[in-house]
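Undergrad: The structure is given below, and queries will be raised subsequently.
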Amino acid sequence: MKVILPVEVLNCISKIGNKTAQNNGYKIYAALLLMSNRQNKHGYFPVPSTYLEKINKRYRRALNALQAASIIKPFTRIEQHPNLLFESIEKRYYNVSRGICMKYKFLIDTTKGIEEEIELENHRKFRWYSIIENSLNELGYEGKISRDTFGRRVHHPVIQIYKEELRNKGLALIDAKCSQPRLLLNIMKEQNVVDINYEAAFKVDFYNYLVQELKLQDRQQAKDLFMFFLNSNSYVPDYKIHLLFQVTSKFVASLKTKNYKDAASYLQREESKIWIDDLLENIPTNFALPIHDCLLVRDREVYEILDYCKRKYENIDFEITYL
């Protein structure tokens, strides 16, 4: 990719080591420049460590140099000093457990400088990437395979068209029933958070439980309500869901520490760890495509893969749908 290198960046990176270290430094700068397209109104943009590690495992050397040269600045917030009662400190903010990565912003004009060609690809692919690539090729599709930074979801050309174009072609979906509601329940259990009413909803069908308890019209209205409950800033069409799941409501609110979208981001990241980084990465086949919270596989292999998924995650209720 073509990248404009400001004089501040050239001077900074020229001091960080040998030619290899400098080349890696330029790659890290180019990666930051790409992520800056996602900056918020204050100029800060997310920079997941996993993203930088894919480019160079020693990314911290370049990152620290750019920060020391006042080229980038990490997002910080004021916190109570751990030892001094009446003192506060400025501390870099991120939260691994809640899926909140570090954010940075540029302190220089990145549009002026010398244009150079910088190759970001390090040719180190995970198995899940190779499986997706091979599966697309087998089906006759080409296109970009990408992974977003919000929820670490994987995107590819088949996601939007599989229901129509891949029908009756010997494929099946392995899905999770009530995926995000159950994922939230499992996370709460891991953190020893107990909501008796929320757990009771899974003794039947979760969405049917909402229909019955909140007197909703149908399952779709229940699904929409839960998405508002989980992802919205404050508005929820039926506030009684907060009264029904009081403990869960407070837990979800605790995930929205800096932004109302934090809860959605966190759950999507946890979902991606299961479906992409574990199930797809270790799947006992060379053909599979992720469709967010499900896997598209060959129908002749579906029961073998279903058994594999159940052994891995006994607390997830998997189901099969044939295309």
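The values are calculated or read from the model by the stated rules, or taken from the named source; none is laboratory data. Given the structure is predicted, the values throughout are model-derived calculations rather than measurements. No Cβ is skipped: glycine too gets one built from the backbone with ideal geometry, and neighbour counts run over all protein chains shown. Accessible surface areas use protein heavy atoms only, side chains included; no ligands, DNA or RNA. Shrake-Rupley method; radii C 1.70, N 1.55, O 1.52, S 1.80 Å.
Undergrad: Taking the range 1-23 only, how many residues are open to solvent by less than 50 Å² (accessible area, probe 1.4 Å) and over 33 Å from the mean Cα position of the chain (by Cα)?
TA: Of the residues in the range 1-23, 1 are open to solvent by less than 50 Å² (accessible area, probe 1.4 Å) and over 33 Å from the mean Cα position of the chain (by Cα).
Undergrad: Continuing with this model, one more query. Spot the failing condition for Arg167; the list is (1) in a helix (DSSP H, G or I); (2) modelled with pLDDT of 90 or more, and only one is missed.
TA: (1)
Undergrad: While we're on this one: Please specify each residue of the range 196-236 satisfying the condition of being open to solvent by less than 70 Å² (accessible area, probe 1.4 Å), small (Gly, Ala, Ser) and not in a helix (DSSP H, G or I).
TA: Listed by number, the list holds a single entry, Ser232.
Undergrad: Does the range 154-190 hold any residues that are in contact with a Ser or Thr (Cβ under 9 Å, 6 or more places away or on another chain) and open to solvent by 30 Å² or more (accessible area, probe 1.4 Å), and which are they?
TA: His155, Asp175, listed by residue number.
Undergrad: If the Cβ limit is 6 Å and pairs must be 6+ apart or interchain, which residue in the range 191-210 that is over 15 Å from Ser249 (Cβ atoms) pairs with which residue that is open to solvent by less than 30 Å² (accessible area, probe 1.4 Å) and among the hydrophobic types (A, V, I, L, M, F, W, C)?
TA: Sorted first by the residue in the range 191-210, then by its partner, the pairs are Phe206/Cys178; Tyr207/Ala222; Tyr209/Ala201.
Undergrad: Next question. Being of a type in the set (S, T, N, Q) and not in a loop (DSSP other than H, G, I, E, B) is the filter here, so list the residues in the range 136-164 that pass it.
TA: Once the filter is applied, which keeps residues that are of a type in the set (S, T, N, Q) and not in a loop (DSSP other than H, G, I, E, B), the range 136-164 yields Asn137, Ser146.
Undergrad: So, one more: Sort out which residues of the range 106-122 are modelled with pLDDT of 95 or more and not in a loop (DSSP other than H, G, I, E, B), and write them in order of number.
TA: Phe106
Undergrad: Just to be sure, is Tyr239 open to solvent by 30 Å² or more (accessible area, probe 1.4 Å) and either over 25 Å from Tyr308 (Cα atoms) or among the basic types (Lys, Arg) (or both)?
TA: yes
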